[in-house]
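Take a look at the structure below.
Every number here is computed from the coordinates shown, using simple stated rules; none is lab data. What you are looking at is a predicted structure, and each value in this text was computed from that prediction instead of being measured. Heads up, the Cβs are rebuilt from the backbone with ideal geometry, glycines too, and the neighbour counts pull from every protein chain shown.
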Amino acid sequence: MKTTNDKLNDKLKGKLKDKLKDQLKTKPLALALLAAMIVGSGGVMLYSPSSSAADEKKPAATPALTVSTTRPESATLPLRLTANGNVAAWQEASLGSESNGLRLTEVRVNVGDVVKKGQVLAVFSADTVNADVAQAKAALAEARANAAEAQANAKRARAVQASGALSEQQVSQYLTAEQTANARIESARATLAAQQLRLKYTQVVAPDSGVISARTATVGSVVGTGTELFRMIRQGRLEWRAEVTAAELKNIRVGSTATVKAANGSELQGKVRMIAPTIDPQTRSALVYVDLPPDTRSNAPFKAGMFASGHFDLGTSAALTLPQPAVVVRDGFPYVFRLNADSRVSQLKVQTGRRVGERIEILSGVKADMPVVLSGAGFLNDGDLVRVANAGQATAAAAAQRAAK
């Protein structure tokens with residue numbers, strides 16, 4: 001048997017059902033819209049952006065740079081050995097005084113003057129020497145007079161020697177006096193020659209042609225024998241004394257051509273005159289003497305004592321070269337960028353050698369048929385995608401690379 005509460009609950013449930021039926025009858029359009037929204041929402045969830053991107057293709061990568069390419073070329077390059085050294089005089093002459101205690105009265109040359117062989121450079125006072133020469137001449141005349149008397153006495157002694165008018169002792173004395181007089185003549189002649197030589201030495205003359213490099217002569221000074229008055233570069237000839245290591249010395253021959261460059265940029269061509277027979281034990285290098293063309297001008301670009309660099313020409317040899325822009329230096333090492341068949345580049349480490357003009361010798365790291373980036377190499381990294389300006393050449397290079405593979 002139902003209670004009062006149960007009856008009330010049944011009554012309320014009936015009223016709610018009736019009300020819900022009324023609402024469903026009056027609002028069918030709202031329910032339809034609600035159903036459409038639910039279906040649309042599910043469709044959006046099913047057609048998400050991620051699933052759409054998976055079905056579509058990814059866009060193509062963008063090239064990093066537009067470049068041009070080149071290939072290594074074979075060339076004949078000169079073989080050169082670079083060296084450094086000092087410029088020095090070929091030979092220096094020290095000109096000094098040969099007269100003792102004479103006063104210097106005249107100096108006719110100065111530093112930098114070009115002189116000829118036999119030219120008078122300085123003059124000493126000759127008054128004292130002239131007096132000594134006159135005295136020597138008088139002594140010679142006296143000796144000759146005494147000799148004439150001795151010769152006459154000896155002649156008479158020989159004439160009467162057989163008759164016995166003179167004793168053997170007297171005859172011997174006359175003959176000895178004759179010989180002594182002749183010896184005194186020779187002595188007087190020697191003394192006169194010595195004084196005349198002193199007179200000659202009152203003039204300092206150049207023993208050879210050349211350029212005066214130093215002067216210590218001062219007018220009015222009294223100098224002793226052997227005192228240096230001038231220093232001269234003989235014939236104005238200079239030489240380059242290049243320092244070459246022992247390992248490189250075997251490549252140089254006497255007569256080889258060398259180009260010497262001064263600090264002011266001037267260049268001269270010379271020839272190897274001599275190679276030093278010994279090697280410095282401290283530096284392990286030897287000197288190579290290169291004769292330079294004589295230049296006696298006061299403004300000559302090469303001066304004795306200056307430092308100069310240069311190179312020896314040792315012939316030519318074949319080499320594989322690239323233009324200088326194609327070689328990139330990074331972290332102290334040279335690199336090039338090879339163009340691959342997929343238009344990407346590969347960074348390759350190379351070894352460089354000689355440089356002639358705008359081309360660099362490549363010793364290792366590349367091959368003759370390898371396409372290499374020329375312009376724009378400094379802005380690339382390993383694996384970058386590039387666009388090639390010279391596309392025809394790049395296509396041919398890619399085909400050659402695929403054929404090689």
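List of remarks:
- Given LYS261/LYS349; LYS116/LYS261; LYS271/LYS303, the pairs whose alpha carbons are separated by over 27 Å: LYS261/LYS349; LYS116/LYS261
- Each of TRP90, TRP240 was scored by other Cβ atoms within 10 Å of its Cβ. Arranged with the fewest first, they read TRP90, TRP240.
- Database remark: amide H of TRP90 closer than 5 angstrom to the amide H of ARG237, LEU238, GLU239 (H placed geometrically; neighbours at sequence offset of 5 or more, or on other chains; Pro and chain starts carry no H).
- With a cut-off of 14 Å between beta carbons, the residues surrounding VAL366 carry a summed charge of +2, where Lys and Arg count +1 and Asp and Glu -1.
- Seen from all directions on average, region 155-199 presents a Cα convex hull projection of 3.2 nm².
- Charge dipole of region 70-127 (Cα centre as origin; +1 on each Lys and Arg Cβ, -1 on each Asp and Glu Cβ, all else neutral): 300 debye, rounded to the nearest 20.
- For SER209, the residues whose modelled amide H falls within less than 5 Å of its own, excluding neighbours fewer than 5 places apart on the same chain, are LYS117, GLN235.
- Note on VAL160/ALA183: beta-carbon distance plugged into 1/(1 + (r/R0)^6) with R0 of 25 Å gives a FRET efficiency of 0.50.
- Centroid-to-centroid, using Cα positions, region 300-319 and region 154-172 are 85 Å apart.
- On the beta carbon distance between ASP208 and ALA145, with R0 = 51 Å, the FRET formula returns roughly 0.70.
- Taking amide H atoms as placed 1.01 Å from N in the peptide plane, the amide H of ARG103 lies under 5 Å from those of SER125, each 5 or more residues away in sequence or on another chain.
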